[in-house]
Amino acid sequence: MNLNHKLRTCTCALVLTLAGAHTPLAADITTLAPEVVVAPFKNRFSHGKLIPAGAQWLITAGQTGVNRDGVIGKDIEQQADWAMKNLYAVIVEGGMDSEDVVKMTIYYLDPSHLQIIVAARNRYFGEDFRPASTAVGVSALARPEYLVEVEAIAAKIPTTAD
C-alpha cells in the first residue's frame, strides 16, 4: 500500500468520524483506483473493490437470456435483458442490491453486442453502477443459442439491524 492510498483512506475515515455519521454499507467496501493504472473505460467500472473481514458474500452462477419458462430470448436485446433481470433477481433474493455488487463478469459471443449488453445492465443495476468488471468475448457458451451470460459477486457488511 503506498502513502497516497493510506492518506486517502485515513482522510475518508476521519471525515466520516468527525461528521458523526453512520458509515453506509457501500462506504465499508473500498473502491480501488491506483494512480498508476489508466482510468476505467468511460468510467463504467472500478479497478477493484476491497472487502473487509466480516462481510457477507454472495456468489452467483452465470445467468443467461432465458425466461422463467425456459424460453431462450429471440435476439441479443431480449437475451441481454433477461440475463440481467435474472442476475438482479438472484442478488435481491440474497438480500442484496446493485450497490452490493463488487464484481461482474460478462461473457458474450459478438463484440458488437457489448453496447446492448451494457444498456441492459444499466436498466437493472443503474447508470452509476461501477463494480470491478470484466467482459470476455468467447467462441461459445453452454448452449449454441446463448448469446450472453453474466455472473456477479456481491458483498455486504452486516449491521446490527440486519
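The values are calculated or read from the model by the stated rules, or taken from the named source; none is laboratory data. Only a predicted model underlies this, so the values are computations on that prediction, with no experimental measurement involved. So basically every Cβ, Gly included, is an ideal-geometry build from the backbone, and we count neighbours across all protein chains shown.
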Exercise. Within the range 115-122, can one find any residue that is over 13 Å from Ala155 (Cβ atoms), crowded, with 17+ Cβ neighbours inside 10 Å and in contact with a strand residue (DSSP E or B) (Cβ under 7 Å, 6 or more places away or on another chain)?
Worked result: yes
Exercise. Which one of Ala142, Ala135 is over 18 Å from Glu77 (Cα atoms) and small (Gly, Ala, Ser)?
Worked result: Ala142
Seminar exercise, completed: How many residues of the range 99-109 are surrounded by fewer than 21 Cβ atoms within 10 Å (Cβ to Cβ) and either of a type in the set (S, T, N, Q) or touching a strand residue (DSSP E or B) at 6+ places or on another chain (Cβ under 7 Å) (or both)? The answer is 2
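Yes/no per residue for (1) within 24 Å of Thr30 (Cα to Cα); (2) touching a residue at least 40 places away in the same chain (Cβ under 8 Å):
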site: Ile51; (1), (2): yes, yes
site: Trp57; (1), (2): yes, yes
site: Thr60; (1), (2): yes, yes
site: Asp81; (1), (2): no, yes
site: Tyr88; (1), (2): yes, no
site: Ser112; (1), (2): no, no
site: Leu147; (1), (2): no, yes
site: Ala154; (1), (2): yes, yes
Seminar exercise, completed: Residues of the range 114-145 being among the polar types (S, T, N, Q), closer than 16 Å to Ser46 by Cα and without any contact (Cβ under 8 Å) to a residue 24 or more places away in the chain, in sequence order, are Asn122
Seminar exercise, completed: Glu99 passes all but one of the listed conditions (1) more than 23 Å from Pro34 (Cα to Cα); (2) in a helix (DSSP H, G or I); the exception is number (1)
For this session: Quick one: count up the residues across the range 57-96 that are in a loop (DSSP other than H, G, I, E, B) and out of contact with any helix residue (DSSP H, G or I) (no Cβ under 7 Å at 6 or more places or on another chain).
Result: 11
For this session: Test each condition in (1) within 15 Å of Met96 (Cβ to Cβ); (2) surrounded by fewer than 12 Cβ atoms within 10 Å (Cβ to Cβ) for Phe125 and report the one that comes out false.
Result: (2)
Problem set entry | Residues (buried (at least 21 other Cβ atoms within 10 Å of the Cβ) and among the polar types (S, T, N, Q)) located in the range 72-85 | Gln79
For this session: Check the range 50-68 and report whether any residue there is modelled with pLDDT under 80, under 14 Å from the mean Cα position of the chain (by Cα) and not basic (Lys, Arg).
Result: yes
